[in-house]
Amino acid sequence: MTRTLYRLEGCPYCELVVDKLDELDLDFESVWVEGLHSKRDEVKRVSGQRAVPVLVDDERGLTMGESANIVDYLERSYGAA
């Protein structure tokens, strides 16, 4: 798997990213994180922050947060030309 999405159940910002990944028919792995920011050590380790969503795109060597930025990146990188 080249894309990993760190997400929180019920998070509307995470769902925006999932919807875009699905729309573009991109495979990804979900890593479900804890509700408490203080328990999100894995997210902090990969991204330097504890907020979600965070997308790790190994194929392109990119790690990013903020749903709007991720959706824009996915559209620019994988959307129809």
Q: Mind checking the per residue accessible area of the chain for me, 1.4 Å probe, whole number of Å²?
A: 60
Q | Backbone HN-Hα couplings from phi across the stretch 49-63 [Karplus 6.51/-1.76/1.60, Hz, Gly and Pro as x] | A | 9, 10, 7, 10, x, 10, 10, 10, 10, 4, 4, 10, x, 10, 10
Q. Sequence-distant or interchain residues sharing an amide H contact under 5 Å with LEU62, placed H: which?
A. ASP57
Q: Could you work out how far helix 12-23 tilts from the main Cα principal axis of the chain, as a 0 to 90 degree angle to the nearest 10?
A: 30
Q.
Per residue of the stretch 35-48, what does 6.51 cos²θ - 1.76 cosθ + 1.60 with θ = phi - 60° give for ³J(HN,Hα)? Whole Hz please, x for Gly and Pro, Karplus curve as stated.
A. x, 7, 4, 5, 9, 9, 5, 5, 5, 4, 4, 7, 10, x
Q) What FRET efficiency, computed as 1/(1 + (r/R0)^6) with R0 = 22 Å and r the Cβ-Cβ distance, is obtained for VAL46 and LEU24, rounded to the nearest 0.05? A) 0.50
Q. Which percent of the accessible heavy-atom area of the chain goes to carbon and sulfur, probe 1.4 angstrom?
A. 46
Q.
Given the -39500 (n - 2.57) contribution per DSSP H run of 4+ residues, what per-residue ellipticity at 222 nm results for the chain, rounded to the nearest 500 deg cm²/dmol?
A. -11500 deg cm²/dmol
(Q) Sequence gap at least 6, Cα distance under 8 Å: using those rules, report the relative contact order of the stretch 1-73 to the nearest whole percent. (A) 38
Q: Could you pull out every residue, at least 5 positions away or on a different chain, whose amide H is within less than 5 Å of the one on VAL31? Hs are placed 1.01 Å off N in the peptide plane, and Pro or chain starts have none.
A: LEU5, TYR6, ARG7
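The values are calculated or read from the model by the stated rules, or taken from the named source; none is laboratory data. These numbers were taken from a predicted model, which means no experiment stands behind them. FYI the Cβ positions are ideal-geometry reconstructions off the backbone, even for glycines, and counts take in every protein chain you see. Areas reflect the complete protein model, heavy atoms only, side chains present, ligands, DNA and RNA absent. Shrake-Rupley method; radii C 1.70, N 1.55, O 1.52, S 1.80 Å.
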